[in-house]
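> Let me give you the structure first, and then I'll get to my questions.
Bear in mind that the values in this text are calculations on the coordinates, not laboratory data. This is a predicted model, so every value here is computed, not measured. Don't worry about glycine lacking a Cβ; one is built from the backbone with ideal geometry, like all the others, and counts go over all protein chains shown.
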Amino acid sequence: MTERIFLSSPHMSDEGYEQQYVKEAFDTNWIAPLGTNVDRFENELAAKVGSKAAAALSSGTSAIHLALKAAGIEKDDIVFCSTLTFSATANPIIYQNAIPVFIDSDYETWNMSPKALEKAFEKYPQVKAVLLVHLYGLSADMDQIVALCIKYNVALIEDAAESLGTYYKGQHTGTFGDYGIFSFNGNKIITTSGGGMLVSNNEERISKARFWATQSRDQARHYQHSELGYNYRMSNVVAGIGRGQLKVLDNRVKKKNYIYNFYKNNLSDLEGIEFMPNNEWDKPNYWLSAMTLTGKIRPIDVMDALENENIESRPVWKPMHIQPYFEKYDFVGTDVSEKLFENGVCLPSDTKIMDEQLERIVKIIRGLW
Ligand SMILES: Cc1ncc(COP(=O)(O)O)c(C=O)c1O
């Protein structure tokens with residue numbers, strides 16, 4: 001069997017930047033959840049995306065949790081949440097004992113539909129926050145969504161876990177709302193093996209998030225706690241990997257873009273295939289190349305054919321409002337996200353992939369038609 005081709009696997013820099021920063025942490029014995037790599041990774045990421053402040057955390061999920069907390073979300077508050085996403089977007093709403101209301105996607109962006117969002121505002125005027133995702137590195141339609149959040153005076157949190165390197169009209173995703181989060185999980189465009197970042201222009205709220213993330217230790221000689229705390233900080237070793245990875249982010253985006261265009265140019269003529277949207281205002285990072293199939297060849301046929309050749313692919317996320325755990329919560333929209341789930345496939349988008357491998361994948365898929 002030939003070597004497995006992955007959907008999206010860790011890809012360290014050829015230059016060894018990550019090891020250099022990790023070595024520094026060892027040499028200075030800063031193997032702790034604080035240190036210069038953490039401080040610098042926070043500053044470097046904030047500068048890259050154009051945000052005033054950032055807190056490095058143990059995961060993207062913990063960053064979403066602290067974003068909700070920083071936005072003042074508490075028990076029984078309603079939070080509008082993109083339905084077409086990974087469960088990690090929605091779970092922290094439950095950690096806060098708040099109530100998610102799931103919002104449909106539209107075909108133009110695959111992300112939160114501004115029309116469905118407006119309907120939701122009319123139905124739930126007491127809503128406290130909007131939590132949207134930039135799926136697969138495609139940006140949501142921010143002008144319309146930001147305008148609605150301003151009109152209804154609610155906090156906006158962007159789950160940009162999949163969209164580091166994605167720009168909407170020249171502005172980095174994750175910086176439009178009150179809070180943005182990024183993930184450095186193993187399959188993301190850059191990885192630290194696991195980790196996350198919370199960003200905001202509100203420096204006071206970011207220091208508060210750091211405080212909660214370090215068990216809410218009050219300033220006292222003894223251990224004193226006036227608030228509930230969490231162990232959510234990123235370690236100085238992990239942050240070293242992040243600093244190295246950040247240096248190659250632009251190259252990774254270029255390669256993902258190449259992969260997307262390769263598939264698009266070589267598969268678009270097949271009946272029933274449509275690639276994820278490419279809006280003129282969106283400069284995606286193309287984290288995963290995804291397509292929908294509406295003809296007689298189904299996503300499962302493509303995924304099985306690839307798996308038989310030891311090639312990883314996966315379905316588009318199953319929407320939250322039809323997940324057994326979340327189906328009791330309300331949903332506003334039509335059937336767009338369900339259709340994207342039924343018809344969608346994510347193709348191998350590993351930045352280490354070679355042209356021969358892309359050609360093989362295209363050949364296998366074309367062979368089904
Ligand atoms: C959309 C989305 N949100 C949140 C997360 C959670 O990030 P993490 O795995 O770093 O907790 C992920 C990925 O894992 C994701 O894809």
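> On a C-alpha basis, how far is the centre of segment 104-162 from the centre of segment 202-254 in Å? Whole number, if you could?
27 Å
> Normalised by the residues of segment 249-366, what does the relative contact order come to in percent, with Cα pairs under 8 Å and at least six apart?
Once divided by the residue count of segment 249-366, the mean separation gives 32 percent.
> Taking the Cα centre of the chain as the origin and placing charges on Cβ (Lys, Arg +1; Asp, Glu -1), which of Tyr136, Ala47, Leu288 is farthest toward the positive end of the dipole?
So the residue we want is Ala47.
> Let me ask you something else. Could you give the distance between the Cα centres of segment 3-55 and segment 308-335, to the whole Å?
Measuring centre to centre over Cα atoms gives 32 Å.
> Where does each of Asp14, Asp304, Asp104 land when they are ranked from fewest to most other beta-carbon atoms within 10 angstrom?
In increasing order of surrounding Cβ atoms, one gets Asp14, Asp304, Asp104.
> How high is the relative contact order of the chain, given as a whole-number percent (alpha carbon pairs under 8 Å, six or more residues apart)?
Reported as a whole number, the value is 25 percent.
> Of Val332, Asn97, Tyr263, whose Cα points farthest to the positive end of the dipole of the chain (charges on the beta-carbon: +1 Lys, Arg; -1 Asp, Glu; origin at the Cα centre)?
Asn97
> Ok, one more. Could you pull out the longest piece of the chain with no exposed loop trypsin sites (Lys or Arg not before Pro) in it, calling a site exposed if DSSP puts it outside H, G, I, E, B and it has at most 10 other Cβ atoms within 10 Å?
Here the longest segment lacking exposed loop sites spans 76-220.
> Give the aspartates and glutamates whose C-alpha is closer than 15 Å to that of Lys151, dropping any in the same chain fewer than 8 places away, or say none.
Straight-distance partners of Lys151: Glu118, Glu122, Asp143, Asp178.
> A further question follows. Let me have the relative contact order for segment 1-151, percent, based on Cα pairs under 8 Å that are six or more residues apart.
RCO, segment 1-151: 17 percent.
> Considering only Cα-Cα distances, which of the following residue pairs are longer than 25 Å: Lys255/Lys318; Lys128/Lys328; Lys254/Lys318; Lys75/Lys328?
The pairs that break the limit, which is 25 Å between Cα atoms, are Lys255/Lys318; Lys254/Lys318.
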